[in-house]
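Visitor: Before I ask anything, let me first share the structure, which is written out below as structure tokens.
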Amino acid sequence: MAVVDYSGRKVYQIASEGMKVGDVVESGTAGGVTELKDVPEGSKIYDIELHPGDGGKLCRSSGSFATLITKEKGKCVVLLPSKVKKVLPSNCRATIGSVAGSGRTEKPFMKAGRKFRVMKSLGRLYPRVSGVAMNALDHPFGGSAKPGKHKTVSRHMPPGKKVGSISPRRMGKKKRG
């Protein structure tokens with residue numbers, strides 16, 4: 001986040017790539033909030049409004065940006081990072097440039113605790129334990145020192161037993177010849 005001083009009124013704004021302390025932010029330049037009708041076609045934009053005056057809703061995460069493709073009377077077509085084209089009113093506002101912090105996801109997790117907390121915040125199960133490492137009451141493959149239980153299961157077994165290959169036609173690697 002960047003603190004931008006608009007003639008005495010300080011406002012938080014999402015920082016643009018290349019923005020630094022002491023930079024002057026003007027409308028129509030990188031980091032400046034501009035209406036879509038005033039943005040040149042083919043420009044990178046972020047923090048885009050869906051409806052005029054609702055505040056930016058699209059492309060706010062680090063490193064993301066959308067591209068303004070075409071402008072027609074009253075409408076603008078924007079290509080989002082998901083490759084979806086969205087038609088927006090031309091008086092919606094957006095910030096020119098791309099969001100700062102594009103390499104954030106490339107940093108490796110250096111310890112398991114950090115990864116655990118990130119996965120917990122995403123609502124994902126972590127760590128994933130294999131069935132062979134579990135006890136027999138926790139998983140059909142568990143409870144044995146040697147992981148030698150058959151994976152093939154009859155189609156007529158109850159739901160708790162259907163783990164592995166359910167009624168396969170064949171198993172293993174095909175023989176050549």
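Visitor: Would you say residue 68 is aliphatic (A, V, I, L, M), in a loop (DSSP other than H, G, I, E, B) and over 22 Å from residue 5 (Cα atoms)?
Guide: no
Visitor: Here is a follow-up. State which residue is surrounded by the most Cβ atoms within 10 Å (Cβ to Cβ) when the search covers only the range 141-169 and only residues that are of a type outside the set (Gly, Ala, Ser) and under 35 Å from the mean Cα position of the chain (by Cα).
Guide: 141
Visitor: Next question. Could you list, in sequence order, the residues of the range 87-124 that are surrounded by 10 or more Cβ atoms within 10 Å (Cβ to Cβ), under 18 Å from the mean Cα position of the chain (by Cα) and closer than 30 Å to residue 30 by Cβ?
Guide: 98, 99, 100, 101, 102, 104
Visitor: Let me ask another. What's the number of the only condition in (1) touching a Leu at 6+ places or on another chain (Cβ under 8 Å); (2) at pLDDT below 95; (3) not hydrophobic (A, V, I, L, M, F, W, C) that residue 60 fails to meet?
Guide: Residue 60 satisfies all of (1) touching a Leu at 6+ places or on another chain (Cβ under 8 Å); (2) at pLDDT below 95; (3) not hydrophobic (A, V, I, L, M, F, W, C) except (1).
Visitor: Please work out if residue 78 is touching a strand residue (DSSP E or B) at 6+ places or on another chain (Cβ under 7 Å) and free of Cβ contacts under 8 Å to residues at least 24 places away in the same chain. Break it down stepwise before answering.
Guide: Numbers: touching a strand residue (DSSP E or B) at 6+ places or on another chain (Cβ under 7 Å): yes; free of Cβ contacts under 8 Å to residues at least 24 places away in the same chain: no.
Against the criterion (touching a strand residue (DSSP E or B) at 6+ places or on another chain (Cβ under 7 Å) and free of Cβ contacts under 8 Å to residues at least 24 places away in the same chain), residue 78 does not qualify.
Visitor: Does residue 58 qualify as being touching a Ser or Thr at 6+ places or on another chain (Cβ under 8 Å) and crowded, with 16+ Cβ neighbours inside 10 Å?
Guide: Numbers: touching a Ser or Thr at 6+ places or on another chain (Cβ under 8 Å): no; crowded, with 16+ Cβ neighbours inside 10 Å: yes.
No: the conditions fail for residue 58.
Visitor: Please name all residue pairs, on different chains or six or more residues apart, with Cβ atoms under 6 Å, provided the first residue is in the range 1-15 and is at negative phi and the second residue is surrounded by fewer than 10 Cβ atoms within 10 Å (Cβ to Cβ) and assigned to a loop (DSSP other than H, G, I, E, B).
Guide: Here the result reads 12/1, each pair linking the range 1-15 to a residue that is surrounded by fewer than 10 Cβ atoms within 10 Å (Cβ to Cβ) and assigned to a loop (DSSP other than H, G, I, E, B).
Visitor: Now, a different point. Identify the single condition in (1) surrounded by 11 or more Cβ atoms within 10 Å (Cβ to Cβ); (2) in a loop (DSSP other than H, G, I, E, B); (3) modelled with pLDDT under 90 that residue 174 does not satisfy, given that it satisfies every other one.
Guide: (1)
Visitor: Name the pairs: first residue in the range 39-65 and free of Cβ contacts under 8 Å to residues at least 60 places away in the same chain, second residue hydrophobic (A, V, I, L, M, F, W, C) and exposed (fewer than 15 other Cβ atoms within 10 Å of the Cβ), Cβ to Cβ under 6 Å, at least 6 apart or on different chains?
Guide: Pairs found: 57/50.
Visitor: Show the residue pairs that are 6+ apart or on different chains and have beta-carbon atoms under 6 Å apart, the first residue being within the range 134-156 and under 22 Å from residue 171 (Cβ atoms), the second being of a type in the set (Phe, Trp, Tyr).
Guide: 149/141
The values are calculated or read from the model by the stated rules, or taken from the named source; none is laboratory data. This is a predicted model, so every value here is computed, not measured. We place every Cβ from the backbone using ideal geometry, glycine too, and count neighbours over all the protein chains shown.
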